[in-house]
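Colleague: Can you keep this structure in mind? I'll have questions shortly.
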Amino acid sequence: MKRPYQVGFYEICPQVRDLSSRREKAEKIVRSLKKYAGFTLSSAICLDIGCSSGLISSLIAPFVGKMIGIEYDIIALRSADQDIRRRVQLILGDAMYLPFRESSFDVVICTQVYEHVPDDVQLFDEIYRVLKAGGIVFFSGPNWLFPIEPHYHLPFLHWLPRQWADFYLRITRRGTRYYEQSRHIWGLRRLTKRFVILDITREVLIYRFSDSKIGKFLVYCPEKFWEILKPFVPNFNWILRKPLNNN
């Protein structure tokens, strides 16, 4: 039985309210879109799925023609200020039932969302449906194989059976119920198999850690060794392109 959406995520997750981290993520997305879109962003219609209060959406909005954000959590949407609302059209809705016609968007942003929805297969069916042929998705999401669960920062939490994970949260006083469900790299490839996948994870990590030993290691890391490491990174960053022939 699929679990429902988690109620009140915006209130219990401080990171989604942190402007500094939102700005960093927006810069990553804009940089990647500029490099890989292959079309003019300034006239593109962009959908941000799971936009929360619209912080990231509002920071991306100046670079696209129109920005629409959709969010299930009404508390998050109500937290959006007037400046955000001027930049972004915010919609209350379910990512698994997007209220848009086929081929409505040039760009879809789906960052740290797939693990939160009750049915990620249906989510990506909907993304494929509303994306124009030749359009792109900026996708970012956690890796099931990485041992530290990214939302609660507890080791092995996401590897446990659901009832055990719930108990783990309760005894550590982090929550009462574990909702998230992530995939490993092979599961994500199956999930996004209708798209052309460009993995930019290494590029994103090099930029993020450019001033550290991690960044230097990734720059000089042989490609064959990176291919061994790649399935175990904490988070994936992909550009997904809908084929021009989308039959």
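Colleague: Hey, what number do you get for the chain at 222 nm if only DSSP H runs of n ≥ 4 count, each worth -39500 (n - 2.57), divided across all residues, to the nearest 500?
Modeller: -10000 deg cm²/dmol
Colleague: With just the Cα atoms defining each centre, how far is region 186-215 from region 25-47? Give it in Å.
Modeller: Each part reduced to its Cα centre gives a spacing of 16 Å.
Colleague: Once R0 is set to 25 Å, what does the formula 1/(1 + (r/R0)^6) return for the Cβ-Cβ distance between ASP83 and SER20, expressed as a FRET efficiency to the nearest 0.05?
Modeller: Approximately 0.90, to the nearest 0.05.
Colleague: Another one. Taking only protein heavy atoms and a 1.4 Å probe, what accessible area per residue, in Å², does region 62-139 have with all protein chains in place?
Modeller: Working: 3310 Å² over 78 residues.
Heavy-atom accessible area per residue stands at 42 Å².
Colleague: Taking θ = phi - 60°, what integer Hz values does the Karplus form 6.51 cos²θ - 1.76 cosθ + 1.60 yield along region 134-141, in sequence order, with x for Gly and Pro?
Modeller: x, x, 10, 10, 8, 10, 9, x
Colleague: Obtain the nm distance between the two label points defined at ARG3 and SER103 by a simple spin-label model: each point lies 7 Å from its Cα along the Cα-to-C-beta direction.
Modeller: 3.9
Colleague: Right, next: May I ask what percent, to the nearest 5, of DSSP beta bridges between residues of the chain are antiparallel?
Modeller: Working: 12 of 31 bridges.
If we restrict to bridges inside the chain, about 40 percent are antiparallel.
Colleague: Rounded if a/c is under 1.5, else prolate if a/b beats b/c, else oblate: with a ≥ b ≥ c from the C-alpha gyration tensor eigenvalues square-rooted, which is region 1-128?
Modeller: oblate
Colleague: Among [x] 1.11; [y] 1.00; [z] 0.95, which is the computed Rg/Rh (Cα atoms, Kirkwood Rh)?
Modeller: Evaluating Rg/Rh (Cα atoms, Kirkwood Rh) on these atoms matches [z].
Colleague: Taking amide hydrogens as modeled 1.01 Å from N in the peptide plane, which residues meet the under 5 Å criterion relative to LEU90, leaving out close sequence neighbours?
Modeller: For LEU90, whose amide H was placed from the backbone, the distant partners under 5 Å are GLY69.
Colleague: Let me ask another. In percent, what relative contact order does region 129-247 have, based on Cα pairs under 8 Å that are 6 or more apart in sequence? Don't skip to the answer; put the middle values down first.
Modeller: Numbers: 143 pairs, mean separation 52.2, N = 119.
Across region 129-247, relative contact order equals 44 percent.
Colleague: Skipping prolines and chain starts, which residues have an amide H placed within reach, meaning under 5 Å, of the one on ARG183, given they are 5 or more residues away or on another chain?
Modeller: Residues meeting the criterion, in which the H sits 1.01 Å from N, are TRP144.
Colleague: So which lysines can LYS34 reach, going by Cα to Cα under 16 Å and dropping same-chain residues fewer than 8 places off?
Modeller: LYS25, LYS66
Colleague: Also, quick follow-up: Please report, to two decimal places, log10 I(q)/I(0) for region 167-246 at q = 0.15, 0.17, 0.21 Å⁻¹ as given by the Debye formula with identical point scatterers on the Cα atoms and no solvent.
Modeller: Values, matching the q order: -0.74, -0.84, -0.98.
Colleague: For region 43-143, state which trypsin sites (Lys or Arg not before Pro) are in a DSSP loop and have at most 11 other beta carbons lying within 10 Å of their beta carbon.
Modeller: ARG101
Colleague: Further question: Can you work out the base-10 log of I(q)/I(0) for region 1-67 at q = 0.20, 0.25, 0.29 1/Å, using the Debye formula on its C-alpha atoms alone?
Modeller: Log10 of I(q)/I(0), two decimals: -0.83, -1.08, -1.31.
Colleague: Okay, moving on. In percent, what relative contact order does region 111-165 have, based on Cα pairs under 8 Å that are 6 or more apart in sequence?
Modeller: Values: 29 pairs, mean separation 15.8, N = 55.
In percent, rounded to a whole number, it is 29.
Colleague: Moving on to the next point. Could you please state how large a percent of the accessible area of the chain is carbon and sulfur, counting protein chains only and using a 1.4 Å probe?
Modeller: Here carbon and sulfur together make up 56 percent of the probe-accessible area.
Colleague: Could you work out the relative contact order of the chain, using alpha carbon pairs under 8 angstrom and six or more residues apart, expressed as a whole percent?
Modeller: RCO, the chain: 18 percent.
The values are calculated or read from the model by the stated rules, or taken from the named source; none is laboratory data. In this text the structure is predicted, and so the values were computed from the model without any measurement. Cβ sites come from the backbone with ideal geometry, for glycine too, and all protein chains shown count toward neighbours. We work out accessible area using only protein heavy atoms, side chains counted, and drop any ligands, DNA or RNA first. Shrake-Rupley method; radii C 1.70, N 1.55, O 1.52, S 1.80 Å.
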